[in-house]
Structure formats: C-alpha cells, structure tokens
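To start, the structure itself, in structure tokens.
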Amino acid sequence: MTPEADLDVARLTPSPPVTASDAAEAIRACFGRSGELTRLPGEADDNFLLNPGGQPRYVVKFAHLRADPAVVDVQVRVLGHIEQTAPGLPVPRVLPATSGESWTVVPDGPLAGRVVHALSYLDGAMLRSVTTDAPLRRALGGTLAELGRALRGFDDPLVHRPLLWDLAQLPRLRPLVAERPPGPGIEESFGRLAATLPPRLASQRTQLVHNDFSPDNTLISADGRRVGGIIDFGDLTVTALVNDVAIAVANLLTDDADPFGPALDFIAGYHATTPLTAAELNLLPDLILGRVVARIVISEWRAERFPENRGYVLRNTPRAWEHLHRLLSIPGEQTAARIQEATRA
C-alpha cells in the first residue's frame, strides 16, 4: 500500500472543474431552481452561490468526483441534527432536492453522476475581515462550545475516518514531511509532536467536532457582537474535544508582539460554557503548534499537486510560517500558565 492510499483520496486527486453553465443545468434538474451563479472557493468541492433574485440565496456544492456519497450524507444529516438539537445555532439549513432527499446525484448531462447538495446562504462578514474585541472573542469561544454540545449526541461510522487535518492523526503526515525539502523548525517540531501527542490525547474525551472553526468558516453578525454563521462542515470528525479548541485558537493567533493575547479570550469563552480539564488545558500549547505545522505541511504538499488551486491552498501559509517561528520562541510552559490563568478569571 502506498502512503497516499491511507489518506483522503478526494484531497489527493484532481477532479474535473464544474463550469457555471453545467452547474446551472444540474441545479435546474436537481432542485428546480435557477438564477445567477457565482463560483465560491473550496478545497475539494466545486461550490456556487445561487442567487434566484428576490428569493433566498443558496450555496450549491458539487462533491469531488471521487467523494464518497455516504460522507456527503453524513454531513447533511449532521446539519439536520444540529437544527433539531440546537435550533438557535447559526448553521446552514439543507435545501431538499426535487426528489425530497437532502442530497442527490445529477441524473444526466455533463455532470451526470456527481453528488450535489444545496444549503441556505448565511449573511454576515467573514471573521477574517472583522476587527475583534474581547467580548466578541469570548462569544466566539462560547459559540464553538455550544456547537460541540449540539454535536455530542451524533455518531456514525463514517465520522471515524482517516483525515489529514485531525490532530490526533498527526503521524499520518509523516510521508508528506519526508517528501518536502527541509524547513526551519518543521522536521523537529513534527517529530516531537507526532511522537508525543497521540498517547497524550488517547486518554482525553472524544466526540464529533467541527474541526475547522476558522476565519473563513465563521461569519459575524452585522452588529459585530456575535457569531452570525458557522459554515463548511467538510472536516467533521470524531477526535479529542480539545482539538477543536486548539484549531480555533491557531486561527486566532496574531502578528503582534503577543500572538496569544486575543486567543486567551476565546479559550475563556469556551471554558465558561464547556469547562476544559487541566489535562486538556495543558495540551493546548502543543496542539496549537501541531495545527500550525500541519497547515504548512499539508498546504504546501497540496499546492504541488494542484497548481491550478495554488492561490487558495496557500492563502494562509505565509502567516503560518510566521506563527511557527513565533511559537517556537515562546516556552510552552509560559503559554500553558497564561491559559490556566485566563480560565480562572
């Protein structure tokens, strides 16, 4: 078995791009709707914003050609589960196909056989474009904790899967690290984290988590005080609960002299809703570093394989390198002490 055979094939192989004209034909056939289409970015899927004009807008997602339909089914069932268990959470609602199903397969035409589903479009400013303050950062943490509570009761064999972005599966990146040219801090950090994190995580509580609460997947309300939308559930997985926090915190690191400062507000907000154990809090510095290392390794590796999507894949990588160097200059014990203090406030 090759190293790549153990990974997510939908992230390893190119999929023929979906054109707007072909998408429009498929949307009419599958959902009975038409309107202006705008392409949206995506890592593996082909995504379009459908604006019918004077009616609600939708995001239509054509799955990667090699995507498992059962995985798409799980993702839309999770959204339905959240709607039932936590209706106040701002997640997309599923638009049924004309068949009544929550997802469908394009029946004919150029996209015949492609799995497609449609979701309500959520308004709001992307977190990456918003200047946050302490109350908003605490609200972000509290919202992720509420989402975790909503996901707690959902399970399915397909959310226990090989996933490059799961911090508990960091050793799976070893073949990717072996392929890359040496980079300052990468090999040493990866070697230590891949050896030490899995056994430390093995004793922590696990459940289904979003696994990508990022500035690209979080929308802020017009008043700037709360989360207006949580999108992109494509990295859903069952893993250690604390990994979900670490991923969000890694995305909140700043370029200032104190990269962790704002993230402490987020951790405090999460902890106020779902208290983290002492062991989970102590894991956060290494998990955050692990996420930064994974972002560099996976993104640069994918950019070599998908040069046509290079700009999107590498959009966060330069900052990740900056964060890596900053994190390596800060003793982990110092960060752990600050996290402990923030959660006692």
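The values are calculated or read from the model by the stated rules, or taken from the named source; none is laboratory data. Values in this document were obtained by computation on a predicted structure and should not be read as measured data. Cβ: placed from backbone, ideal geometry, glycine included. Neighbour counts: every protein chain shown. These accessible areas exclude ligands, DNA and RNA; they are computed on the full protein's heavy atoms, side chains included. Shrake-Rupley method; radii C 1.70, N 1.55, O 1.52, S 1.80 Å.
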Within the accessible area of the chain, what % is carbon and sulfur when the probe is 1.4 Å and the other protein chains stay in place? 54 percent
Contact order normalised by length for the chain, with contacts defined as Cα pairs under 8 Å and 6 or more residues apart; what percent is it? 17 percent
Given a 1.4 Å probe, how much area per residue of the stretch 25-159 is accessible, in Å²? 47 Å²
Sorted by packing (mean other beta-carbon atoms within 10 Å per residue), highest first, where do 311-324, 227-240, 192-205 land? 227-240, 311-324, 192-205
Long-range tail of P(r) for the stretch 253-345 (Cα pairs > 19 Å, %): 47 percent
Take the Cα atoms of the chain, find their three principal axes, and give me the spread along each one in whole Å, biggest first. 58, 47, 35
Hey, what angle do you get for helix 69-85 against the long axis of the chain, alpha-carbon based, 0 to 90 degrees rounded to 10? 70 degrees
Using only protein heavy atoms and a 1.4 Å probe, report how much of Thr206 is accessible, in Å² to the nearest 10. 90 Å²
Helix 332-344: inclination vs the chain longest Cα principal axis, degrees, rounded to 10, gives 70 degrees
With Cα atoms, 0 to 90° folded angle of helix 261-273 axis to the chain main axis: 70 degrees
What number, in percent, do you get for the relative contact order of the stretch 228-345 if the mean sequence gap of Cα pairs under 8 Å and at least 6 apart is divided by its residue count? 32 percent
What list of whole percents do you get for P(r) of the stretch 147-213, with Cα-Cα distances grouped in 5 Å bins up to the one holding the largest distance? 3, 14, 21, 22, 16, 11, 8, 4, 1
Specify, per residue and in Å³, the volume enclosed by the convex hull of the alpha carbon atoms belonging to the stretch 123-168. 147 Å³
What is the distance in Å between the Cα centres of the stretch 113-190 and the stretch 295-345? 12 Å
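With the radius of gyration and the Kirkwood radius both derived from the Cα set of the stretch 73-200, what is their ratio Rg to Rh?
My calculation of the ratio gives 1.06.
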